[in-house]
Amino acid sequence: MDEINVLQDINRPENLVYKRTKLMIDTPLSYCPGCGHGTAHRILAEVIEEEGLQPETIGICPVGCSVLMYNYLDVDMQEAAHGRAPAVATAIKRLLPDKFVFTYQGDGDLAAIGTAETIHACNRGENILILFINNGIYGMTGGQMAPTTIPGMKSSTSPYGRDVRIMGNPLKMTDIVATLPGTYYVTRQSVHKPANVRKTKRAIRKAVQYQKLNKGTCFIEIVSNCPSGWKMTPVQSNKWMEENMFPFYPLGDFKTPGEQSV
Amino acid sequence: MKGNEAIAEAAIRAGADGYFGYPITPQSEILEYLMESKPYETTGMVVLQAESEIAAINMVYGGAACGKKVMTSSSSPGISLKQEGISYIAGAELPCLVVNVVRGGPGLGTIQPAQSDYFQAVKGGGHGDYHLIVLAPASVQEMADFVGLSFDLAFKYRNPVMILSDGAIGQMMEKVYLSPQKERSKTVPEWATTGKPSTRERNIITSLDLDPYGQELFNKKLIAKYNEIKEKEVRYEEFQTKDAEYLLVAYGTSARVCQKSVQLGREQGIKVGLLRPITLFPFPYERIYELSGQLKGILSVEMSTGQMIEDVMLAVKGRVTVRHCGRMGGIITAPDEVIDSLKSQITGG
């Protein structure tokens, strides 16, 4: 009983420092423990809230683990078909140019089935934010090889590790879209440590500002983990990500205003 | 003007908010006409050439979900590519217009006119239990008239509408009376995703329901909607059916041919009439059943291997003989071929 009382005392609202963001709906997330999606959702929600953009925001969720994102964010949202979010966003932004429009897409969605939509939306310079969560695996369907699965990485459809001679090479979409004239701001970040969370949040805030100025497509890749799909604990997965994913997908800005030619 | 141009001009005049398309013969004039007309400078209508038919239909999804009057057009192979998006639009109960200027198939087929997409348009096309409202124009005038009608029906029922035309009507030039320019609508439907103000709950546009009972409930809601459409929106036209002993059932280009066939048949003493379904979904089952009481036989005339004939047979419930007549591969059936077919298959003359 004493322990519970202590816990209740700690949990009293006035003792809590880190509070739920208003735009995050008070409901359990469907994500596995330790997954980066929750953090990515939260900082996006924080930026929308801090910028006062709730009445202006229209988001598009993908097919994949974040398919139910509309249950977690208190903004108007559309559920797109697999890979088609950038096309959906294109029409929304062109019909409602004053709104803040973002897509939130995983690697299978954005870099495999939706490659054409991604490249063409970026190349047209649609004034949207594309948030790309890259965890190198199809999480929702049970851990199959993704277009971004790194060489040697095991998955349920590359059980002996990705052999690039047979399965082809991983696709570095962020590198590709940075070369397109339509993109304005392209960066690759992560959300596995507080410092990285802050950097990613800053990147999202920049993208919001650039969209207000009609600068073109902003593309933020978040290299993230998938403890369930990778069959690791959350701590192991973050360590594995640092040691294996980051060397292949180095973090940092790919294109920033002021250096538009790559 | 051309049928395809009539569609484009009618879209501008109907106050459409957006058109998203991809070139394919025989309907590219729709996109060309819109690009040349630059409605984005006058009415503010968005016109965009997408990177694929798939992207175009998903742009329609996004626009429709904002409560806007949006449309796309294509021809058979392109419409096949759009089927995933059409299913999502039907599943999310969004209003939109899809124009199919049909060419012969299967596969890449031909670029000549055909009516071989009837099943795809009327029976589903994409995955899941859904229906489009399908309108079949038989003239350039109807190409123009059905655009506004389609948007009205689409918004009334929150359901995608298809204009099922063909390469003949798309390419044919006729005189057409155009409606006056309508203002683009400023009303925002209460379900539209336009950004959440503090005065309402957030709007979500989705076709996903992981709860089987929820999904079944939604399917039942769709059935109720389709039943209402079947009850209220059946449209057809009759030609010399009053004393008819034989009936031609044909839509679109085939219906035009059959008007001449009726004349030829009557000159030869055959009491033949024509029923032209204007809506293919909902199909005029009841009227065809009523007529079947006075008939000795029905010929389903369609430029396909026989698709609409299945609905005609369903309509008559075995009361009279129903046979198919029609050329394929992009060939338009000739009026005398129809009468020859009627004689050899039904009248025995």
Among the residues listed as B:261, B:207, the single one being of a type in the set (Ser, Thr, Tyr), in contact with a Gly (Cβ under 7 Å, 6 or more places away or on another chain) and touching a residue at least 60 places away in the same chain (Cβ under 8 Å)
B:207
Kindly indicate which of A:106, A:34, A:59 is under 17 Å from the mean Cα position of the chain (by Cα) and at positive phi.
A:34
Restricting attention to the range A:49-63, report how many residues are in contact with a helix residue (DSSP H, G or I) (Cβ under 6 Å, 6 or more places away or on another chain) and surrounded by 24 or more Cβ atoms within 10 Å (Cβ to Cβ).
5
Pairs, please: C-beta under 7 Å, at least 6 apart or cross-chain, first residue more than 20 Å from residue B:149 (Cα to Cα) and in contact (Cβ under 8 Å) with a residue 12 or more places away in the chain and in the range B:15-26, second assigned to a loop (DSSP other than H, G, I, E, B) and β-branched (Val, Ile, Thr)?
B:25/B:111; B:26/B:111
Which of (1) touching a Phe, Trp or Tyr at 6+ places or on another chain (Cβ under 7 Å); (2) within 14 Å of another protein chain (Cβ to nearest Cβ) is the odd one out, the single condition residue B:211 does not satisfy?
(1)
Going through the range B:304-315 in order, the residues found to be surrounded by 20 or more Cβ atoms within 10 Å (Cβ to Cβ), in contact with a helix residue (DSSP H, G or I) (Cβ under 7 Å, 6 or more places away or on another chain) and hydrophobic (A, V, I, L, M, F, W, C) are B:308, B:312, B:315
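Here's the yes/no breakdown for (1) free of Cβ contacts under 8 Å to residues at least 12 places away in the same chain; (2) over 20 Å from residue A:41 (Cα atoms); (3) part of a loop (DSSP other than H, G, I, E, B):
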{"position": "A:176", "(1), (2), (3)": "no, yes, no"}
{"position": "A:197", "(1), (2), (3)": "no, no, no"}
{"position": "A:200", "(1), (2), (3)": "no, no, no"}
{"position": "A:209", "(1), (2), (3)": "yes, no, no"}
{"position": "A:215", "(1), (2), (3)": "no, yes, yes"}
{"position": "A:218", "(1), (2), (3)": "no, no, no"}
{"position": "A:237", "(1), (2), (3)": "no, no, no"}
From the options B:169, B:163, residue that is in contact with a strand residue (DSSP E or B) (Cβ under 7 Å, 6 or more places away or on another chain) and either surrounded by 15 or more Cβ atoms within 10 Å (Cβ to Cβ) or part of a loop (DSSP other than H, G, I, E, B) (or both)
B:163
Look at the range B:306-331 and say how many of its residues are more than 15 Å from residue B:277 (Cβ to Cβ), within 19 Å of the chain's Cα centre (by Cα) and at pLDDT 95 or above.
1
Could you tell me how many of the residues in the range B:20-36 are more than 8 Å from every other protein chain (Cβ to nearest Cβ) and either touching a helix residue (DSSP H, G or I) at 6+ places or on another chain (Cβ under 6 Å) or assigned to a loop (DSSP other than H, G, I, E, B) (or both)?
11
I'd like to know if the range A:32-40 contains one or more residues that are within 10 Å of another protein chain (Cβ to nearest Cβ) and more than 17 Å from residue A:206 (Cα to Cα).
no
Search result, residues across the range A:68-110 that are more than 7 Å from every other protein chain (Cβ to nearest Cβ), modelled with pLDDT of 95 or more and in a helix (DSSP H, G or I):
A:69, A:71, A:85, A:86, A:93, A:107, A:108, A:109, A:110
Go through the residues of the range A:170-181 one by one and say whether even a single one is in contact with a strand residue (DSSP E or B) (Cβ under 7 Å, 6 or more places away or on another chain) and surrounded by fewer than 17 Cβ atoms within 10 Å (Cβ to Cβ).
yes
Before we move on, is residue A:159 modelled with pLDDT of 95 or more, in contact with a helix residue (DSSP H, G or I) (Cβ under 6 Å, 6 or more places away or on another chain) and not aliphatic (A, V, I, L, M)?
no
List the strands (runs of 3 or more DSSP E) inside the range B:37-138, counting only whole elements, that have at least 2 residues being of a type outside the set (Asp, Glu) and more than 14 Å from chain A (Cβ to nearest Cβ).
B:70-74, B:96-102, B:133-135
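The values are calculated or read from the model by the stated rules, or taken from the named source; none is laboratory data. Because the structure is a prediction, the values reported are computed rather than measured. Note that each Cβ is placed from the backbone with ideal geometry, even for glycine, and that neighbours are counted across all protein chains shown.
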